[in-house]
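None of the figures in this text is laboratory data; all of them are computed from the coordinates on show. As the structure is a computational prediction, the values presented were derived from the model and not from experiment. Here the Cβ positions follow ideal geometry from the backbone for every residue, glycine too, while neighbour counts run over all protein chains shown.
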Amino acid sequence: MLSEFNMRQFVSAFVVLFAVIDILGSVPIILKLKKKGKKIDAGKITLWSFLMFIGFFYIGEVFLNLFKLDMSSFAIAGSLIIFIMAMEMILDIEIFREGPDTPKDSVFVPLVFPLIAGAGALTTLLTIRAQFADINVLLAIVANMVVIYSVIRLAKIIEAKLGASFIYMLQKFFGIILLAISVKLFITNITVLIEQIAHSAV
């Protein structure tokens, strides 16, 4: 397996995953959750994200087929969650309301899914796996996990260096970016579903 290592493939896979995950764009969300009193555990978030990527790398298509789901449906579900979170960031509203049983940490939702190991990232993972050798994609996943852990750990320092006003502007900016990503994910995959339905009806 190590004999299949290729630096160009590793770098390409890393850059693609880094761009799709966009952990730097999640910094405003991380800071917002911390201000709400949510517990942000960088180690747990990184571990769960890593397990999601590795699990999906090996059994993603099998898992979805088990529930008779396809990647398009999965991506649309993720896009709707991203859309809601983007609206919260842009309009300063709270849609995800907390109840008495709401956990005090934000390990899995929304940080692991859909922000880090979301539908777009997992779909991209399956796509690049078909293009590159497994070892290169796996190492790219590990490298991205190191970046994710570092960014989450340094979130407060980033806030202190940039200032509250800049972070607020950053939140609005990345809210729009998330909104655009959610719309693109939705339109792309709803088109695929419509084509599948039209094809099956013929």
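Compute the orientation-averaged projected area for the range 1-89 from the convex hull of its Cα atoms and round it to one decimal in nm².
The orientation-averaged projected area of the Cα hull of the range 1-89 comes to 7.9 nm².
Please name which of I197, I167, F18 has its Cα lying farthest along the dipole of the chain towards the positive end, using unit charges on Cβ (Lys, Arg +1; Asp, Glu -1) and the Cα centre as origin.
I167
State the three equivalent ellipsoid semi-axes of the range 1-43, derived from the C-alpha gyration tensor as the square roots of 5 times its eigenvalues, in descending order and whole Å.
Result for the range 1-43: semi-axes of 33, 12, 5 Å.
At q = 0.21, 0.22, 0.28, 0.31 Å⁻¹, work out log10 I(q)/I(0) for the range 106-157 with the Debye formula, treating every Cα as an identical point scatterer and leaving solvent out; two decimals please.
-0.85, -0.90, -1.11, -1.16
Relative contact order for the range 1-133: what percent, with Cα pairs under 8 Å and sequence separation of 6 or more?
47
Any idea what diffusion coefficient the range 141-202 gets from Stokes-Einstein, in µm²/s, Kirkwood Rh on alpha carbon pairs, 37 °C, 0.692 mPa s?
In µm²/s, the coefficient is 219.
To make sure I understand, if each residue's beta carbon is the centre and we count other beta carbons within 10 Å, what order do I141, I30 fall in, fewest to most?
I141, I30
Hey, what's the Kirkwood Rh for the range 42-177 if you take every pair of different alpha carbons, in angstrom?
16.6
Taking neighbour Cβ counts within 10 Å as the exposure measure, how do Y149, Y58 sort from fewest upward?
By the 10 Å Cβ count, ascending: Y58, Y149.
Which value at 222 nm does the chain reach when only helices count, each DSSP H run of 4 or more adding -39,500 (n - 2.57), with the total divided by all residues and rounded to the nearest 500 deg cm²/dmol?
Estimated from H runs of four or more residues: -24500 deg cm²/dmol.
Can you spot the lysines whose alpha carbon is less than 26 Å from K172's alpha carbon? Ignore those fewer than 8 places along the same chain.
The reachable lysines, counting only those whose Cα sits under 26 Å from K172, are K32, K34, K35, K36, K38, K39, K104, K156, K161, K184.
Calculate the length of the line joining the C-alpha centroid of the range 59-89 to that of the range 133-202, in whole Å.
When both Cα centres are located, 13 Å separates them.
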